[in-house]
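Right, one structure below, let's go through it.
What follows draws every value from the coordinates through simple rules; no lab data is involved. All figures in this text were calculated on a predicted structure; none of them were measured in a lab. No Cβ is skipped: glycine too gets one built from the backbone with ideal geometry, and neighbour counts run over all protein chains shown.
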Amino acid sequence: MDRYAISKSPCQFVENFSLFGMPIWIKRDDLLHPFVSGNKYRKLKFPLLALEEEYKKTDRLPLVITMGGIWSNHLHATAYATAKLSFPSCGLVRGHTAMQSLTLADCRAQGMLIQFADRINYRALRENPWHWQTMVDPGLIKQHPDQYWLPEGGSDPAALHGVAEIIGELIDELKFIPDAIVVACGTGATLAGLLAGLKGCSRVIGIAVLKNADYLHGEIARLLQQAGYPAYQNYQLLTNFHHGGYGKVSPELSQFCREFSEQSVVPIEQVYSGKVFFALRKLIQSGYFQSHERCVVIHTGGIQGARGNKIPLKTPE
């Protein structure tokens, strides 16, 4: 995407049994890019490449419109990526004008127009992909006749193609296909992309980071279908590690993140990666994995969102 990016993320082997109880590999997608973090880099790759090609044909800058919360990794990544392409962008943010964050400040610094949406309108944005047309300033639409809508979290069907590239990278580095791949699950797009890359091999274990997440089965099926992939079923969606819901943190999770930070040089946060590594330890302790299984955890990044945490988490020296 620019000079800050690396071509592929490293896969880090962790033998420390005090952390997990078995050796694992961590696919360090948090290192892909310092601003367009982790899975957001992969999910934005193909949608923005397609937009760039279209711009070359029409010479008209597309207005990229998307949505997210005040600490949204997706908003943060989209603001930076579109700015690098000189595309104007608009972020529809859940909340009201009195709510501010370092994430939103970064987005504005990259030129993203921030517009707040109340709970009713934000819910409508999730349910109706065209609802943004009733919210964005008509003057902005008139100024930019070509618009592109990116769903919450970047869960566009084209995003799956970028995520699927993880599997080829893993095979190149490890020289085998992992028996199990563990990943955080918010919208289902990253999990669906991993299924697309695996092509029916192995299994993906999705750790839902929000409550009442069973509906994600339907989202995963929809994304696979719309992206042109078969309806792969080689996955499990675990919905009991949300710690109270999206963005919620239990005392047990807080303690785990502190311990993890003390024992590891891998930075984590409490919304996605903290819940995944917490779940992994619990699963290993319960005998979920067989002794011979080779397990990879996808670190999906999002460390910028940790600025909203109350508990400081150590980062590498």
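Just a few scattered comments:
- Here the calculated FRET efficiency for E173 and M99, from their Cβ-Cβ distance with R0 = 35 Å, stands at 0.25, rounded to the nearest 0.05.
- Of M112, M22, M67, the sequence from fewest to most neighbouring Cβ atoms within 10 angstrom is M22, M112, M67.
- For K275, the aspartates and glutamates whose Cα falls under 14 Å of its own Cα, not counting residues fewer than eight places away in the same chain, are E252, E259.
- Applying a threshold of 32 Å to the alpha-carbon distances of K8/K56; K84/K282; K142/K248; K142/K199 flags K84/K282; K142/K248; K142/K199 as lying beyond it.
- Cβ-Cβ FRET estimate between Q225 and D118, R0 fixed at 41 Å, reported to 0.05: 0.80
- Of all the options A124, A180, A98, the one that moves most in a Gaussian network model of the chain with Cα springs shorter than 10 angstrom is A98.
- Of the beta bridges in the chain, as assigned by DSSP with both residues counted there, near 10 percent are antiparallel.
- Taken over the Cα atoms of region 143-208, the convex hull encloses 92 Å³ per residue.
- Highest GNM mean-square fluctuation among Y235, Y215, Y246, for the chain modelled with Cα contacts below 10 Å: Y215.
- Burial ordering of I181, I171, I205, I120, fewest other beta-carbon atoms within 10 Å first: I120, I171, I205, I181
- Over region 41-154, equivalent-ellipsoid semi-axes from the Cα gyration tensor in Å: 21, 16, 13
- Whole-Å distance, taken between Cα centres, linking region 1-79 and region 288-303: 19
- When only alpha carbons are used to place a centre, region 237-287 and region 167-200 end up 20 Å from one another.
- 3J(HN,Hα) from dihedral phi, region 72-78, Karplus parametrisation 6.51/-1.76/1.60, rounded to Hz, x for glycine, proline: 5, 5, 5, 4, 4, 5, 5
- Computed from Cα atoms, the angle from the helix 38-58 axis to the main principal axis of the chain rounds to 30 degrees.
- Residue with peak Gaussian network fluctuation, the chain [Cα springs, cutoff 10 Å], from P138, P23, P151: P138
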